[in-house]
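One structure below.
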Amino acid sequence: SKVSISENESILDSIGSWSGSLLKESVCSNGVKKAPIFEEMKYALKFPFYTTLDRLDHKRNIERFDAKDSQMLKTEYLLPHANQDILALAVEDFSSSQSIYQDELNYLECWVKDEKLDQLPFARQKLTYCYLSAAATIFPRELSEARIAWAKNGVLTTVVDDFFDLGGSKEELENLIALVEKWDGHQEEFYSEQVRIVFSAIYTTVNQLGAKASALQGRDVTKHLTEIWLCLMRSMMTEAEWQRTKYVPTMEEYMANAVVSFALGPIVLPTLYFVGPKLQEDVVRDHEYNELFRLMSTCGRLLNDSQGFERESLEGKLNSVSLLVHHSGGSISIDEAKMTAQKSIDTSRRNLLRLVLGEQGAVPRPCKQLFWKMC
């Protein structure tokens with residue numbers, strides 16, 4: 001009932017409400033707590049399918065899978081030796097994959113040091129966090145390059161976000177954007193050592209990923225990767241200017257810029273080139289491609305705004321929640337604004353899922369799945 005792709009799914013909504021209430025009543029009763037299915041029910045009620053990470057679910061299933069317990073619903077009709085074979089296979093696969101993930105994380109830790117990103121005092125160190133999101137969703141062992149691209153760009157977007165928010169002066173930010181605009185034609189004209197470290201890390205990493213992606217795609221895609229970074233920095237600069245000049249944008253202005261400044265572009269879009277299918281130039285300019293990105297980023301931005309409203313208000317930063325309150329002239333409370341944002345999140349998530357599950361469209365299914373995994 002939760003896999004809903006339209007706003008007016010009254011039958012699914014009714015089924016979801018009824019079955020949810022029934023399960024909650026069962027969980028509260030004493031009898032069911034002794035049944036093996038009890039923990040499954042609690043988990044399903046607490047975590048909708050769109051909040052779970054595949055590989056962590058696999059780990060949990062291994063831990064919950066009791067080969068000797070024939071009452072487990074999903075394995076009820078399997079013979080005991082079949083249960084044990086399945087469990088052994090799952091454990092072997094998980095353990096061997098875990099070894100690969102640890103090697104990749106060790107490599108990434110060296111990369112952070114080589115690029116001197118750990119020397120930037122303003123930057124959050126989020127490597128493990130960024131890598132977990134890759135390993136927990138893009139988990140097949142053969143997709144190592146995709147995980148590496150996802151994690152590296154996650155680290156770099158965190159650094160750039162902190163640079164625009166906290167670490168960089170107006171002159172430094174302008175210098176960084178100018179360097180990205182020139183790219184291969186840039187000169188050693190760095191306003192500061194911070195700018196040199198940030199630009200050099202982006203320049204080296206994007207060129208390396210671009211070369212690997214171009215070899216897989218059979219065409220040069222590095223220019224596209226630099227365009228993605230340039231769009232991000234310009235949108236972040238717009239937000240910095242708004243804050244500096246105390247400009248209050250309309251909600252439409254804010255969201256048009258915010259879906260880019262939320263910085264999922266450099267993480268997800270380059271990774272699409274590493275998951276198998278070839279993406280021609282017309283695909284990455286297609287409406288479906290842009291709509292997948294917009295819907296994914298809308299979910300992320302609004303979730304971030306709702307959860308970070310109090311902190312950003314103290315920092316003097318506007319976001320969608322405060323803008324809704326501001327433009328209403330005080331007729332909307334903060335809680336009502338958050339409810340409005342949540343409705344937009346739900347709508348965007350449904351529309352994204354509809355595109356991901358659709359058979360038609362220019363974007364191949366494995367690539368569509370990455371937008372959903374990030375969401």
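Restricting attention to region 336-352, and to residues there that are under 11 Å from LEU324 (Cβ atoms) and not small (Gly, Ala, Ser), which single residue is farthest from the chain's Cα centre (by Cα)? It would help to see each step written out before you state the result.
In the first step, residues of region 336-352 are kept if they are under 11 Å from LEU324 (Cβ atoms); the result is 336-341, 344.
Subset that is not small (Gly, Ala, Ser): 336, 338-340.
Details: GLU336: 26, LYS338: 21, MET339: 22, THR340: 22 Å.
It comes out as GLU336.
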With the requirement that a residue be of a type in the set (A, V, I, L, M, F, W, C) and surrounded by 11 or more Cβ atoms within 10 Å (Cβ to Cβ), what does region 84-110 give you?
ILE86, LEU87, ALA88, ALA90, VAL91, PHE94, ILE100, LEU105, LEU108
In region 167-178, is there at least one residue being in contact (Cβ under 8 Å) with a residue 40 or more places away in the chain and basic (Lys, Arg)?
yes
Restricting to region 220-254, name every residue that is open to solvent by 80 Å² or more (accessible area, probe 1.4 Å) and β-branched (Val, Ile, Thr).
THR245
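Any chance region 358-369 includes a residue that's open to solvent by less than 30 Å² (accessible area, probe 1.4 Å) and touching a Lys or Arg at 6+ places or on another chain (Cβ under 9 Å)?
Scanning region 358-369, I find at least one residue that is open to solvent by less than 30 Å² (accessible area, probe 1.4 Å) and touching a Lys or Arg at 6+ places or on another chain (Cβ under 9 Å), so the answer is yes.
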Here is a list: SER144, SER133. Which entry is under 12 Å from the mean Cα position of the chain (by Cα), of a type in the set (Ser, Thr, Tyr) and under 18 Å from TRP111 (Cβ atoms)?
SER133
In the set ILE148, ILE138, which member is of a type in the set (A, V, I, L, M, F, W, C), modelled with pLDDT of 95 or more and assigned to a loop (DSSP other than H, G, I, E, B)?
ILE138
Condition set of a type in the set (S, T, N, Q) and in contact (Cβ under 8 Å) with a residue 40 or more places away in the chain, scope region 215-226, selection nearest to ASN319 (Cα to Cα): answer is THR226
May I ask you to list the residues in region 220-249 that are part of a loop (DSSP other than H, G, I, E, B) and farther than 21 Å from ILE148 by Cβ?
LYS246, TYR247, VAL248, PRO249
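Yes or no, residue by residue, for (1) in contact with a Gly (Cβ under 6 Å, 6 or more places away or on another chain); (2) at pLDDT below 85; (3) not polar (S, T, N, Q):
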position: CYS28; (1), (2), (3): no, no, yes
position: LEU45; (1), (2), (3): no, no, yes
position: ASP54; (1), (2), (3): no, no, yes
position: HIS81; (1), (2), (3): no, yes, yes
position: GLN84; (1), (2), (3): no, yes, no
position: LEU87; (1), (2), (3): no, no, yes
With criteria (1) assigned to a helix (DSSP H, G or I); (2) without any contact (Cβ under 8 Å) to a residue 40 or more places away in the chain; (3) over 23 Å from the mean Cα position of the chain (by Cα); (4) surrounded by fewer than 19 Cβ atoms within 10 Å (Cβ to Cβ), TRP183 comes up short on (2)
Where the second residue is in a helix (DSSP H, G or I) and open to solvent by 30 Å² or more (accessible area, probe 1.4 Å) and the first is closer than 12 Å to ILE177 by Cα and of a type outside the set (Lys, Arg) and lies in region 188-210, which pairs have Cβ atoms under 6 Å and are six or more apart or on separate chains?
PHE190/ARG196; TYR191/GLU171
Is there any pair with a first residue in region 227-240 that is in contact (Cβ under 8 Å) with a residue 60 or more places away in the chain and a second that is of a type in the set (S, T, N, Q) and open to solvent by 20 Å² or more (accessible area, probe 1.4 Å) whose Cβ atoms are under 7 Å apart and which are 6 or more apart or on different chains, and what are they?
GLU239/ASN257
For residues in region 4-58 being over 19 Å from ARG349 (Cβ atoms) and in contact (Cβ under 8 Å) with a residue 60 or more places away in the chain, which is surrounded by the most Cβ atoms within 10 Å (Cβ to Cβ)?
ARG55
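Can you tell me which of LEU132, LEU176, LEU166 is among the aliphatic types (A, V, I, L, M), open to solvent by 50 Å² or more (accessible area, probe 1.4 Å), in the same structural domain as GLU241 (by the TED database) and more than 28 Å from GLN217 (Cα to Cα)?
On the way: LEU132 fails: more than 28 Å from GLN217 (Cα to Cα); LEU176 fails: open to solvent by 50 Å² or more (accessible area, probe 1.4 Å).
Only one candidate qualifies: LEU166.
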Going through region 1-36 in order, the residues found to be out of contact with any helix residue (DSSP H, G or I) (no Cβ under 6 Å at 6 or more places or on another chain), hydrophobic (A, V, I, L, M, F, W, C) and assigned to a helix (DSSP H, G or I) are ILE11, LEU12, ILE15, TRP18, LEU22, CYS28
Count - residues of region 264-323 that are under 17 Å from PHE164 (Cα atoms) and of a type in the set (A, V, I, L, M):
2
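The values are calculated or read from the model by the stated rules, or taken from the named source; none is laboratory data. This one's a predicted model, so the numbers in the text were calculated from it and none came from an experiment. Using ideal geometry, Cβ is built from the backbone for each residue, glycine included, and neighbour counts are taken over all protein chains shown. Heads up: the accessible areas ignore ligands, DNA and RNA and are worked out on the full protein's heavy atoms, side chains in. Shrake-Rupley method; radii C 1.70, N 1.55, O 1.52, S 1.80 Å.
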